[in-house]
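Contents: one structure, followed by commentary.
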Amino acid sequence: MPTTFTLIQPAVTVGAGGASSISFTSIPATYTDLVVKLSARSARATEIRDEIFVRFNSDSGANYSYRNLRGSGSAAISQSGSSVNQVNRNDIPASGATSSTFSNHEIYIPNYAGSTQKSFSMDSVMENNATESYMFLTAGLWTGTSAISTITLTCEVSTFVQYSTAYLYGVSNA
C-alpha cells in the first residue's frame with residue numbers, strides 16, 4: 001500500500017519580531033492522516049528551554065490527555081496529564097541555549113477526519129551545545145469527535161523566533 005505525503009498549505013515561517021503561535025487553518029478532510037513538521041526556537045529569556053503546546057480546532061477545554069517520555073542520554077523521565085487544555089512537554093531551545101540551534105518535531109495524526117476521538121503522536125529532539133540533548137516521545141489524545149480543521153502551536157512562556165518553520169502534510173494511503 002503506497003503512502004504519499006502532500007504539502008497541504010505553504011510552509012509557515014516566522015518573520016522578524018517572532019510570533020505568538022503557528023497555525024494551520026481550513027485543513028481539508030480529504031486525506032487519511034496529517035503530519036506536522038516543525039523546526040523551532042523560543043525567545044524565552046535566560047532559560048535554556050521552553051515548551052510547545054498543541055491544540056486542535058481552537059479547543060481550550062480540558063479535552064486532552066498525554067503520556068510523555070523524555071530522555072537526556074543520562075536519565076529518562078515519564079510524565080502524563082489528563083483532562084488538560086492542551087498537550088505539552090516537548091521542549092524547544094530558548095535564548096539561554098546554543099545560539100541559532102533549532103529543535104525538530106513531528107506530529108502524526110491518524111484518522112484526523114474521522115468522527116471518533118483523535119489519537120496522535122509527537123516526537124522531537126533538541127540539543128544545547130553538546131552539554132544537553134533531549135529526545136521526547138509523546139502519545140496524546142484529543143476527545144473531540146469533529147474533523148481536525150485547525151492546528152495551533154504555541155510556546156509555553158514566550159514566542160517563536162524568526163526562522164521557526166512548520167509544514168503541514170496530508171497523508172494518502174492508496
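Summary of values
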quantity: In nm, spacing of pseudo-spin labels at SER74 and SER20 (7 Å Cα→C-beta vector); calculated: 3.8
quantity: Cα lying deepest toward the dipole's positive end in the range 21-169, options PHE102, VAL54, MET126, charges on Cβ; calculated: VAL54
quantity: Charge dipole (debye, nearest 20) of the chain; +1 at Cβ of Lys and Arg, -1 at Cβ of Asp and Glu; calculated: 160
quantity: 15 Å tail of the calculated P(r), the range 1-96, as % of Cα pairs; calculated: 73
quantity: Amide hydrogen neighbours beyond the local backbone of SER133, cut-off 5 Å, H modeled; calculated: ASN128
quantity: Relative contact order (%) - the chain, alpha-carbon pairs under 8 angstrom, separation at least six; calculated: 42
quantity: Pairwise FRET efficiency - SER58 versus SER119, Cβ, R0 = 25 Å, nearest 0.05; calculated: 0.80
quantity: Relative intensity, log₁₀ I(q)/I(0), of the range 108-174 from a Debye sum that treats every alpha carbon as a point, q = 0.20, 0.29 Å⁻¹; calculated: -1.07, -1.37
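We did not get these values from a lab; they are worked out from the coordinates using the rules stated. What you see is a predicted model, and the numbers here were worked out from it, not measured in a lab. Don't worry about glycine lacking a Cβ; one is built from the backbone with ideal geometry, like all the others, and counts go over all protein chains shown.
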